[in-house]
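Below: one structure, written as structure tokens.
The values are calculated or read from the model by the stated rules, or taken from the named source; none is laboratory data. These figures come from a predicted structure and were not determined experimentally. Every residue, glycine as well, gets a Cβ built from its backbone with ideal geometry; the counts of neighbours run over all protein chains shown. For accessibility, only protein heavy atoms count, side chains too; no ligands or nucleic acids. Shrake-Rupley method; radii C 1.70, N 1.55, O 1.52, S 1.80 Å.
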Amino acid sequence: MPVDSPIKKLLIVDDSKVSRMLIRTHILVQRPDWVIFEADCGEDAIELADNERPDYCTMDINMPGISGTDAAERILSKHPLMKIVIFSANIQETHKNRARSFGSILVAKPVTEKSIALTLDYFTNSK
């Protein structure tokens, strides 16, 4: 799919099925044409990113196996044009700084219309 295609792909990564469902539901209200993939751990996220080449990704931090920030760094090392938003209840400055260090942002959970608006703005308006 060409980079400038209007149909975008989103990878939602969270070990909580409820969080994945909330993110999916909120996103599809605003972007019903997006194709969405889901993973419940960092290892699966890396594999899906390699195979499906999503444009965007939401990533939880605390998951079984590798952390979301480690998975995000690994994904971005291979797919530097992908935009990743870290979604987490862990909003300490160290997590915010780590997200910024690899060109991402941290958005606080719980998933709300406001957090989705911040995410969509980052995906569509950041450079």
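Observations on the model:
- When the test is whether a residue is more than 16 Å from Asp121 (Cα to Cα), within 12 Å of the chain's Cα centre (by Cα) and surrounded by fewer than 23 Cβ atoms within 10 Å (Cβ to Cβ), Ile75 does not pass it.
- You will find that of Asp55, Asp60, the residue that is in contact (Cβ under 8 Å) with a residue 24 or more places away in the chain and within 12 Å of Val13 (Cβ to Cβ) is Asp60 and no other.
- Within the stretch 38-52, being of a type in the set (A, V, I, L, M) and in contact with a helix residue (DSSP H, G or I) (Cβ under 7 Å, 6 or more places away or on another chain) holds for Ala39, Ala45, Ile46, Ala49.
- Cβ separations smaller than 8 Å between residues 6+ apart or across chains give the following pairs from the stretch 101-124 residues that are touching a residue at least 24 places away in the same chain (Cβ under 8 Å) and small (Gly, Ala, Ser) to residues that are surrounded by 15 or more Cβ atoms within 10 Å (Cβ to Cβ) and assigned to a helix (DSSP H, G or I): Gly103/Leu76; Ser104/Ala72; Ser104/Leu76.
- Cβ-Cβ contacts under 7 Å between residues 6 or more apart (or on different chains), taken from a first residue in the stretch 74-98 that is free of Cβ contacts under 8 Å to residues at least 40 places away in the same chain to a second residue that is charged (D, E, K, R) and open to solvent by less than 20 Å² (accessible area, probe 1.4 Å), are listed as Ser88/Asp60.
- Residue that is surrounded by the fewest Cβ atoms within 10 Å (Cβ to Cβ), among those in the stretch 95-119 that are at pLDDT 90 or above, in contact with a helix residue (DSSP H, G or I) (Cβ under 9 Å, 6 or more places away or on another chain) and in a helix (DSSP H, G or I): Glu113
- Apart from one condition, Phe87 fits all of (1) at pLDDT below 95; (2) buried (at least 20 other Cβ atoms within 10 Å of the Cβ); (3) farther than 21 Å from Leu120 by Cβ; (4) not acidic (Asp, Glu); the exception is (3).
- The single condition among (1) in a helix (DSSP H, G or I); (2) within 18 Å of Leu22 (Cα to Cα) that Ile86 does not meet is (1).
- Extreme residue, surrounded by the fewest Cβ atoms within 10 Å (Cβ to Cβ), among residues of the stretch 32-72 that are part of a loop (DSSP other than H, G, I, E, B) and among the charged types (D, E, K, R): Asp33
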